[in-house]
Structures are given as C-alpha cells and as structure tokens.
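The values are calculated or read from the model by the stated rules, or taken from the named source; none is laboratory data. Computed from a prediction, not measured in an experiment: that's the story for all the values here. All Cβ positions, even for glycine, are placed from backbone atoms using ideal geometry, and neighbour counts span all protein chains on display. Just the protein is used for accessible areas: all its heavy atoms, side chains included, with ligands, DNA and RNA removed. Shrake-Rupley method; radii C 1.70, N 1.55, O 1.52, S 1.80 Å.
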Amino acid sequence: MTHAAAGAGTIRSDNVRIAQQRGAFWLSCRVEACIRAPAAAVWGLLTDAPGFPRWNSTVTRIDGEIREGARLQVHAPGTERVFTPRVSDVVPPKGMTWTGGFGPVFKGVRTFELKRRPDGATDFVMCERFSGLLIPFLRRSLPDFGPIFARYAMDLKREAERATG
C-alpha cells in the first residue's frame, strides 16, 4: 500500500514486524520476519499440511494438500469455524496465495512471500487482506490479527531455524 490509511498501525517485537491497516470496506494485516534458514526449508514447512499443527500454534489441522488449485480446510484453535481457502499462484520456493470468502460480500486473500537473502537467510512476508460489503458489520467480531500473525511468523521462524540448525 502506498499510503497510510485510517487505522494504520505498526508493531515490532521479537524480530517480527507487523503492520495493520483498515478502510471502510477492507482491512489488512502483514507480518515480516527474517528466518535464518534457506527458503526451501521454509517452503517445506509452509506446504506440509499434515505437519502444520506440529510447529504452528495458530492451526490445529489442515485437511487437503497445499498445491496449485487445491481447496483446503484450515482449523484454528479455540473455534469450530473451518476456513476453506483455495491455493493459487504457487511458485516454489517463492510464494503462494490462499483465497476464501463469498465474493464481493466478504473475501480474504492471504499471500506468502519468501525471498532469499545474500547471507542464505530468508525474508518471510505474509499478508492478508479482507474486503467486502460486510466488513463494517464484521469488524468488531474479527480478532486482532496482529498477535496471531506474529505468533505464526515466530512459530515458523523457530521451527525452520531448529530444523536447519
């Protein structure tokens, strides 16, 4: 985003940077982390659906295969809700997109980006943008994604660095 929006905010902690923005019919959350592991190792974790709950405290289970065109069932802790994004734009080990929702009424688009650094580490970026006509009505019932995204990135960082030690 090229300009600050109403409700914009940035938080930095534990080597993770979180930025949140919102508008009348959209909101977004972005997390960035430097992971001291090769992009291929990080990609392996991000695309291993059965292994997700082993390292990721923000997911209890993923049903389906994380590959181009697949529909996933993502189960989050503390809720009975199941999210069903479709996977697209898969470019190993650089990135992918998960898209779910109900068209113009409510839509979530989560992008994952991995960039190799000259020192062999990986810059990880995950951004989700929610948009649609229901945003003004749902805003209060949606969780604060900042801490959830920070935990996701820290879990990924910890596991990738542990595995490649």
> From the residues in region 33-66 that are farther than 11 Å from K157 by Cβ, in a strand (DSSP E or B) and in contact with a Phe, Trp or Tyr (Cβ under 9 Å, 6 or more places away or on another chain), which one is most open to solvent (accessible area, probe 1.4 Å)?
Replying inline: R61
>> Condition (residue is touching a Lys or Arg at 6+ places or on another chain (Cβ under 9 Å), open to solvent by 30 Å² or more (accessible area, probe 1.4 Å) and part of a loop (DSSP other than H, G, I, E, B)) applied to region 71-81: is it met by at least one residue?
In response: no
> For region 148-165, which residues satisfy the criterion of being in contact (Cβ under 8 Å) with a residue 40 or more places away in the chain and charged (D, E, K, R)?
Replying inline: R151, D155, K157, R158, E159, E161
>> Any residue in region 52-69 that is of a type in the set (K, R) and modelled with pLDDT of 95 or more sitting within a Cβ distance under 7 Å of a residue that is open to solvent by 50 Å² or more (accessible area, probe 1.4 Å) and outside any loop (DSSP other than H, G, I, E, B)? List the pairs, counting only those 6 or more apart or interchain.
In response: R61/P53
> Only one of F145, F124, F102, F112 is under 12 Å from the mean Cα position of the chain (by Cα), touching a residue at least 24 places away in the same chain (Cβ under 8 Å) and over 20 Å from D48 (Cα atoms); which?
Replying inline: F145
